[in-house]
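Below is one structure; the comments refer to it alone.
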Amino acid sequence: MSRTAIVDWARGVYEDLDFTAARQWLADHPGRHACGYLPVYAPREVIHAAGMLPVGIHGSGDIEIIRGDAFYQSYICHLPRSVVELAQSGRLDMLSAVLFPSTCDVIRNLSGMWQILFPQMYVRYLDLPQVADPQMGAEFWRRELDVVRRELGRVAGIEVTDERLRASVALYNEVRGVIRGLYALRGAKPWQVPTEELYLLMRAGEVVGPEKFLEMARAYAAAAESDDQRVRDRTRVIITGSFCEQPPLGLIKTIERAGCYIVDDDFLAGNRFLTGDVPLDGDPLSALAEGLVRGAVKTSVLYEPDPEGKRNLMKNRVAAAKADGVIFAAASFCDPALLDRPMLREGAEKAGIPCIAFKFAENSGQFQQFREQAGTFSDSIKLWGDA
Ligand code: SF4
């Protein structure tokens, strides 16, 4: 399959607000179920081990909000409005269950609304461990995972055995490996892997299931490796703060076209939440719990025990990505991102790293101001930075 065909396929999945790919999967797998999950991190291995299709619910900037606004005050982020709109318009009615991770108060409250609006659907609020003691955190999270294993098994009518879990963990280790490979390729040769394309592929992966994602992602990686693109004189930047509500695709394109190579980001961060492979021997739930507690990515939605950890975070990420600067791009009213931003930015600027910051909403439609900001940022680094 050609690179263009893969990107077109991914764009089609991304733009389809009726989740036709998930509905088709259900039609192709009679008797099976689909389980949605909100950002940022949900244990998709457990959903998959229950024989269910994991479906990422990331809202949408392309849907007209009619009912969603009635549920929320004006001064919160946009994501819950579009999620409610998708649900209230019946676009998520193929789901049998939805998991709400403890990302922030907004998502916690959304889980309560969901229980009232859709009492026929299984809803679970996932309390991710936020403690300094990793052993206590792992024990707590393993118990949570065990509840999810039993309850999703009940919804699916399948006993989620350790064997099933190990097989799903192995599959998601492959998914994480392919994504790490694509991110590494983009970091080394960003002209070969435009972030617009990588992002579309990852978004499609949120809907089509891990097996199909692996097939398409491997084909894309092979095409991107061999398909030589022209190297352009661009600045290497990291985008951070977009781990939950996603920027509109137009914003990602705008930043790239303004003269930036995006060499690291936290879009759809749940895919890279566990930084390493989860061991396949021993108890699979303990392995998943340890993987989260000891191997999670540094992010604003997890407790950081090291007081200097957040101040050093951007310096470390910039060094790892060989980036020239950082763009802080958070959703408007996103508490986790915006409360962390001053500390992250202070640490970056103390290390001499050029930074800019802006806020977006998933339904932002005007990109001129972002183009000017990112373009000026890129030019100033080229003129006065070490780049
Ligand atoms: S965008 Fe931020 S505030 Fe809104 S739901 Fe996500 S984490 Fe919470």
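Return the residues of the range 278-317 that are crowded, with 22+ Cβ neighbours inside 10 Å and over 20 Å from the mean Cα position of the chain (by Cα); say none if nothing qualifies.
Pro284, Leu285
Go through Asp69, Asp93 for me and flag whichever is out of contact with any Cys (no Cβ under 9 Å at 6 or more places or on another chain), farther than 19 Å from Leu268 by Cβ and at pLDDT 90 or above.
Details: Asp69 fails: at pLDDT 90 or above.
Every option except Asp93 fails the conditions.
Test each condition in (1) away from the ligand (no atom under 16 Å from the Cβ); (2) modelled with pLDDT under 95; (3) of a type in the set (Phe, Trp, Tyr) for Phe19 and report the one that comes out false.
Here Phe19 clears every test but (2).
Buried (at least 20 other Cβ atoms within 10 Å of the Cβ) and at pLDDT 95 or above, is that true of Val147?
Numbers: buried (at least 20 other Cβ atoms within 10 Å of the Cβ): no; at pLDDT 95 or above: yes.
Taking the combined requirement at face value, the residue does not satisfy it.
For residues in the range 67-87 being within 14 Å of the ligand (Cβ to nearest atom) and surrounded by 22 or more Cβ atoms within 10 Å (Cβ to Cβ), which is nearest to the chain's Cα centre (by Cα)? Give the derivation first.
Residues of the range 67-87 that are within 14 Å of the ligand (Cβ to nearest atom), as a first pass: 68, 71-84.
Filter again for surrounded by 22 or more Cβ atoms within 10 Å (Cβ to Cβ), leaving 68, 77-79, 81-84.
Working: Gly68: 22, Cys77: 16, His78: 16, Leu79: 13, Arg81: 18, Ser82: 17, Val83: 15, Val84: 19 Å.
Among them, the one singled out is Leu79.
Within the range 13-122, which helices (runs of 4 or more DSSP H) (wholly inside it) include 1 or more residues that are free of Cβ contacts under 8 Å to residues at least 60 places away in the same chain and of a type outside the set (Ser, Thr, Tyr)?
Values: elements: 20-28, 44-49, 79-88, 105-117.
Those helices (runs of 4 or more DSSP H) span 20-28, 79-88, 105-117.
Quick check on Tyr14: is it farther than 16 Å from Glu206 by Cα and out of contact with any His (no Cβ under 7 Å at 6 or more places or on another chain)?
Details: farther than 16 Å from Glu206 by Cα: no; out of contact with any His (no Cβ under 7 Å at 6 or more places or on another chain): yes.
No: the conditions fail for Tyr14.
Given the structure, is Lys253 within 21 Å of Asp324 (Cα to Cα), assigned by TED's automatic domain parsing to the domain that holds Val326 and among the basic types (Lys, Arg)? Lay out the reasoning, then the answer.
Numbers: within 21 Å of Asp324 (Cα to Cα): yes; assigned by TED's automatic domain parsing to the domain that holds Val326: yes; among the basic types (Lys, Arg): yes.
When the stated conditions are applied, Lys253 passes them.
Scan (1) away from the ligand (no atom under 16 Å from the Cβ); (2) exposed (fewer than 13 other Cβ atoms within 10 Å of the Cβ); (3) part of a loop (DSSP other than H, G, I, E, B) for the single condition Ile353 breaks and write down its number.
If we test Ile353 against (1) away from the ligand (no atom under 16 Å from the Cβ); (2) exposed (fewer than 13 other Cβ atoms within 10 Å of the Cβ); (3) part of a loop (DSSP other than H, G, I, E, B), just (2) comes out false.
The values are calculated or read from the model by the stated rules, or taken from the named source; none is laboratory data. Note that the structure is predicted; figures quoted are calculated from it, not measured. Glycine also receives a Cβ, built like all others from the backbone with ideal geometry; neighbour counts cover every protein chain displayed.
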